[in-house]
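Novice: Below you will find the structure I want to go over with you.
The values are calculated or read from the model by the stated rules, or taken from the named source; none is laboratory data. Please read all numbers here as calculations on a predicted model, not as lab measurements. Cβ coordinates were reconstructed from backbone atoms using ideal geometry, including for glycine residues, and neighbour counts include every protein chain displayed.
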């Protein structure tokens, strides 16, 4: 019996060993994807009502493409790129204000938010483009010194103005009765900045800003904003600061999210890059891009691209050098170890 | 019962041997290996690969002066660059060819590098254009551990989206791989165009010599024995004085650009010396040029010497002037012993002695002038009086006296 037992133990031991012998190789075979961008189509001046395209900002929502084009908002079908409409005025009752020098756009809760370099934020109805309200009366010494960026969620509305200032409002306060001189509930600082357009998005309870002058993406947590809101109004030193991780020499220019990815524009040494990061890593400030390209394959370098938006596998980029919207397709190829 | 136990022990032995065979035999891996793209001999490639020999003797010099086309980093002499969405240009900036060269690719979102091209041989100064196999179809690629990875067809590549690296079993490559300098080397024609006579035009025959000098010089700068001596220049000076039975002449250690007044020198700290050492190996651009007047010149990106240095002197370690001009290029003036040999010797003297010692112990990438035979190519040279460079070590060489033939970079 004793010998039998020993035999059984030894057998079991060696069978286990034989399985362990090569399990590292067998168990860790990597399967992943390589991602790349091809050029799919473009929207050029020819596709605009006035044969003029100098796009500064872009946003996709409900399969539509919204483009800030100097003094108009252009709306296209996001899949067949046909023009739906051009909006040149804020109209509400008898009030008509020309949409001039548009810098930024965000759409949320059925409302289109448009930032103007002429110190105003316009709010339009997403369905019929009727005016709902506007903040700022166009005088830079009033509500905003220019408007260089806008982001909005159910709770909060953020407006970037000159220098390092982001003003925070409650979204619930934005309706047809909102006064033009609505006061902010909190103030944020971007740490650095001047008179550049600033791209901002909201993701997972954070305002995320492409903070070009700080060489960083800037993260402001909503809870932190709320708990420090009133104090942040008590002088510049008390403004709420972002969490940052320096990416020098890279300068983030624009950022956008979908359910899986963070996609961005960065500039380094005069070259513009489109980057794509796993969203979860990006939100933890871990920047390992799966795409970091200065051109779409076979195409010239991107040059002056200012904003980016993703809708499914299509990525829309405002290209001011070529005066066009570059429409790229995200593709992937499998990588499988044997 | 005993028979039963014996049978069981036999069965156990069989089981064990089978288990070991299955777990770790070579055969086990064979089915995992893929069908890899075959090796390429770049010696006689079809015209579709657009093969050329860069710096061929009779090549129009306009090509060597085209800085967008002819450039290399000293630590990347096998150069791979994306030329179009589906093509890679392979260039070898070496006067001697290389065998068994594997060009690895690393692409985003996959941490391992894989063999993109395997060259059984690349001739000296070869260049050719190769389709990226990834764009042609789904293939297996060899990983560093010999296993395979299958990568589906990719339509093309954007600029910079492949990170290339190179490995080779060739003993010459093993030497080249040790070079730490990242200097970007180019030839610049504006010097002789703007100041003809002070500078003279070069040609591919001279460019090949200049590249050979630059590779050897960069290897010497990277050499651990040189680092050790550079970091302890005060000791080098002391030992030199002891052997001569004198006091240390001039500065006792490295010092900077401030004027030397009454034997007072602006000595560097050890930390500063360490930084200066790495400055010599950093990624700045050097424009190699040739002078025709009394003075060689250096400063900013420029470092220049005479035709005789390129054709002949460097083969016997005559790099004193080159090292002096290179010192200017790094940022040192005549008041510093990092550019000037006065005041009892400095960098230029020490480097020349060190190069001579490396030639003596055959520890440079290139020590045989026969690989280029430039002294015979008189139709391309201004002086017709060169003969084959013959090297002989000076028995008073301080490195020979100290290391006595030892110190080869293992």
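Novice: Considering the range B:320-334 alone, what residues qualify as being touching a residue at least 40 places away in the same chain (Cβ under 8 Å) and either crowded, with 24+ Cβ neighbours inside 10 Å or touching a strand residue (DSSP E or B) at 6+ places or on another chain (Cβ under 7 Å) (or both)?
Specialist: Within the range B:320-334, B:322, B:323, B:326, B:329, B:332 qualify.
Yes or no, residue by residue, for (1) touching a helix residue (DSSP H, G or I) at 6+ places or on another chain (Cβ under 7 Å); (2) over 29 Å from residue B:60 (Cα atoms):
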residue	(1), (2)
B:163	no, yes
B:167	no, yes
B:175	yes, yes
B:188	no, no
B:191	no, no
B:196	no, no
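Novice: Quick test of your reading of the structure: residue B:381 fulfils all but one of (1) closer than 20 Å to residue B:220 by Cα; (2) assigned by TED's automatic domain parsing to the domain that holds residue B:226; (3) touching a residue at least 24 places away in the same chain (Cβ under 8 Å). Name the failing condition by number.
Specialist: Tallying (1) closer than 20 Å to residue B:220 by Cα; (2) assigned by TED's automatic domain parsing to the domain that holds residue B:226; (3) touching a residue at least 24 places away in the same chain (Cβ under 8 Å), residue B:381 fails exactly one: (1).
Novice: Failed condition for residue B:408, given (1) under 18 Å from residue B:240 (Cα atoms); (2) outside the structural domain of residue B:216 (by TED's automatic domain parsing), with all others met?
Specialist: Answer for residue B:408: the failing condition is (1).
Novice: Another one. Assuming residue B:112 fulfils every condition listed in (1) under 15 Å from residue B:167 (Cα atoms); (2) touching a residue at least 40 places away in the same chain (Cβ under 8 Å) apart from one, which condition is it?
Specialist: If we test residue B:112 against (1) under 15 Å from residue B:167 (Cα atoms); (2) touching a residue at least 40 places away in the same chain (Cβ under 8 Å), just (2) comes out false.
Novice: Let me ask something else. Can you find a residue in the range A:185-197 that is crowded, with 20+ Cβ neighbours inside 10 Å, within 30 Å of residue A:86 (Cβ to Cβ) and at pLDDT below 95?
Specialist: Taking every residue of the range A:185-197 in turn, at least one turns out to be crowded, with 20+ Cβ neighbours inside 10 Å, within 30 Å of residue A:86 (Cβ to Cβ) and at pLDDT below 95.
Novice: Exactly one of (1) in contact with a strand residue (DSSP E or B) (Cβ under 7 Å, 6 or more places away or on another chain); (2) buried (at least 16 other Cβ atoms within 10 Å of the Cβ); (3) within 14 Å of chain A (Cβ to nearest Cβ) is unmet by residue B:101. Its number?
Specialist: (3)
Novice: Which condition breaks for residue B:271 when tested against (1) in contact with a helix residue (DSSP H, G or I) (Cβ under 8 Å, 6 or more places away or on another chain); (2) surrounded by fewer than 16 Cβ atoms within 10 Å (Cβ to Cβ)?
Specialist: Of everything listed in (1) in contact with a helix residue (DSSP H, G or I) (Cβ under 8 Å, 6 or more places away or on another chain); (2) surrounded by fewer than 16 Cβ atoms within 10 Å (Cβ to Cβ), residue B:271 misses just condition (1).
Novice: Output the residues belonging to the range B:82-98 that are within 30 Å of residue B:368 (Cα to Cα) and touching a strand residue (DSSP E or B) at 6+ places or on another chain (Cβ under 7 Å).
Specialist: Hits for the range B:82-98 are B:89, B:90, B:91, B:92, B:93, B:97, B:98.
Novice: Condition test on residue B:345, is it surrounded by 13 or more Cβ atoms within 10 Å (Cβ to Cβ) and in a loop (DSSP other than H, G, I, E, B)?
Specialist: Answer is yes for this residue.
Novice: Let me ask something else. Given (1) buried (at least 19 other Cβ atoms within 10 Å of the Cβ); (2) modelled with pLDDT under 95; (3) more than 7 Å from chain A (Cβ to nearest Cβ), where does residue B:161 come up short, assuming only one miss?
Specialist: (3)
Novice: Something else about it: For residues that are in contact with a strand residue (DSSP E or B) (Cβ under 6 Å, 6 or more places away or on another chain) and closer than 19 Å to residue A:310 by Cα, scanning just the range A:45-63, find the one that is surrounded by the fewest Cβ atoms within 10 Å (Cβ to Cβ).
Specialist: That would be A:61.
Novice: Between A:163, A:118, which is within 27 Å of residue A:247 (Cβ to Cβ), out of contact with any helix residue (DSSP H, G or I) (no Cβ under 7 Å at 6 or more places or on another chain) and not in a strand (DSSP E or B)?
Specialist: Just a single option satisfies the conditions, and that option is A:163.
Novice: Quick one: residue B:239 ticks every box in (1) assigned to a helix (DSSP H, G or I); (2) within 12 Å of the chain's Cα centre (by Cα) except a single one, so which number is it?
Specialist: The failed condition is (2).
Novice: For residue A:336, are the conditions met, namely being closer than 23 Å to residue A:65 by Cα and either within 14 Å of chain B (Cβ to nearest Cβ) or in a strand (DSSP E or B) (or both)?
Specialist: No; evaluated as a whole, the condition is false for this residue.
Novice: Exactly one of these conditions fails for residue B:213: (1) surrounded by 17 or more Cβ atoms within 10 Å (Cβ to Cβ); (2) away from chain A (no Cβ under 14 Å); (3) without any contact (Cβ under 8 Å) to a residue 24 or more places away in the chain. Give me its number.
Specialist: (3)
Novice: I've got another one for you. Out of A:33, A:42, report the one residue that is more than 10 Å from chain B (Cβ to nearest Cβ) and either part of a helix (DSSP H, G or I) or modelled with pLDDT of 95 or more (or both).
Specialist: Within the list A:33, A:42, the selection yields A:42.
Novice: Residues to consider are A:231, A:226, A:248; find the one that is in contact with a helix residue (DSSP H, G or I) (Cβ under 6 Å, 6 or more places away or on another chain), more than 14 Å from chain B (Cβ to nearest Cβ) and not in a strand (DSSP E or B).
Specialist: One residue alone meets the criteria, A:231.
Residues are listed down the side, and each one gets a yes or a no for (1) touching a strand residue (DSSP E or B) at 6+ places or on another chain (Cβ under 8 Å); (2) surrounded by fewer than 16 Cβ atoms within 10 Å (Cβ to Cβ); (3) touching a residue at least 40 places away in the same chain (Cβ under 8 Å); (4) away from every other protein chain (no Cβ under 14 Å):
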| position | (1), (2), (3), (4) |
| --- | --- |
| A:254 | yes, no, yes, yes |
| A:261 | yes, no, yes, no |
| A:277 | yes, no, no, no |
| A:292 | yes, no, no, no |
| A:296 | yes, no, yes, no |
| A:301 | yes, no, no, no |
| A:316 | yes, no, yes, yes |
| A:319 | yes, no, yes, yes |
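Novice: Also, quick follow-up: Please go through (1) away from chain A (no Cβ under 14 Å); (2) under 24 Å from residue A:338 (Cβ atoms) for residue B:171 and return the number of the only condition it doesn't satisfy.
Specialist: Here residue B:171 meets the rest and fails (2).
Novice: Now, a different point. Any residue in the range B:33-45 that's within 23 Å of residue B:96 (Cα to Cα): show its pairings with residues that are in a loop (DSSP other than H, G, I, E, B) and at pLDDT 95 or above at Cβ separation under 6 Å, as long as the two are six or more apart or on different chains.
Specialist: Pairs found: B:43/B:123; B:45/B:51.
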